[in-house]
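The values are calculated or read from the model by the stated rules, or taken from the named source; none is laboratory data. For clarity, every value in this text was computed on a predicted model and none was experimentally measured. No Cβ is skipped: glycine too gets one built from the backbone with ideal geometry, and neighbour counts run over all protein chains shown. Each accessible area value is taken on the protein alone, full model and side chains, heavy atoms only, with ligands, DNA and RNA left out. Shrake-Rupley method; radii C 1.70, N 1.55, O 1.52, S 1.80 Å.
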Amino acid sequence: QVQLVESGGGLVQPGGSLRLSCAGSGIVLSINTVGWYRQAPGKQRELVAAITRGDSTNYADSVKGRFTISRDNAKNTVYLQMNSLKPEDTAVYYCKTVTFTSYYWGQGTQVTVSS
């Protein structure tokens, strides 16, 4: 059974940092593309960052220079380091992995940026 479990969300002040983790079980994340998405209240879910099996990365324009996606293959985990957080980064953050035949979502972790 494939599971993705996100963690690391919370409440942070503007300008602060958080690191989100997406831990996989039942699937090897290193051989698949993994993306971080977010969904704010009343808005559509959007792609924030992604990392391919070849470790190529891409980012939404709104987070370039502030967020970094990376992976630790030994821990079967993908991270999203978020720096210089802004109130508009407030959302539920989800990770998703795509295989040749299917895709899987985690349950999400809440990030709230507020003073």
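Here are the numbers for this structure:
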{"read-out": "Listed residues ASP89, ASP61, ASP72, most fluctuating in the chain (Gaussian network, C-alpha, under 10 Å)", "value": "ASP61"}
{"read-out": "Charge context of ASN73, other residues only, Cβ under 11 angstrom, K/R +1, D/E -1", "value": "+1"}
{"read-out": "Accessible area in square angstrom per residue, the chain, 1.4 angstrom probe", "value": "53"}
{"read-out": "Proximal charge balance of ARG45 [Cβ under 12 Å; K/R count +1, D/E count -1]", "value": "+2"}
{"read-out": "Accessible area of the chain belonging to carbon and sulfur atoms, whole % at 1.4 Å probe", "value": "48"}
{"read-out": "Relative packing of 39-49, 76-86, 10-20, which averages over residues the other C-beta atoms within 10 Å, highest first", "value": "76-86, 10-20, 39-49"}
{"read-out": "Cut-off under 5 Å, modelled amide H: who pairs with ILE27 long-range", "value": "GLN3"}
{"read-out": "Neighbour net charge for VAL111 - beta-carbon separation under 12 angstrom, K R +1, D E -1", "value": "0"}
{"read-out": "Taking region 55-115 and dividing mean pair separation by its residue count, relative contact order in percent (alpha carbons under 8 Å, at least six apart)", "value": "24"}
{"read-out": "Between region 21-42 and region 56-112, the alpha-carbon center distance in angstrom", "value": "7"}
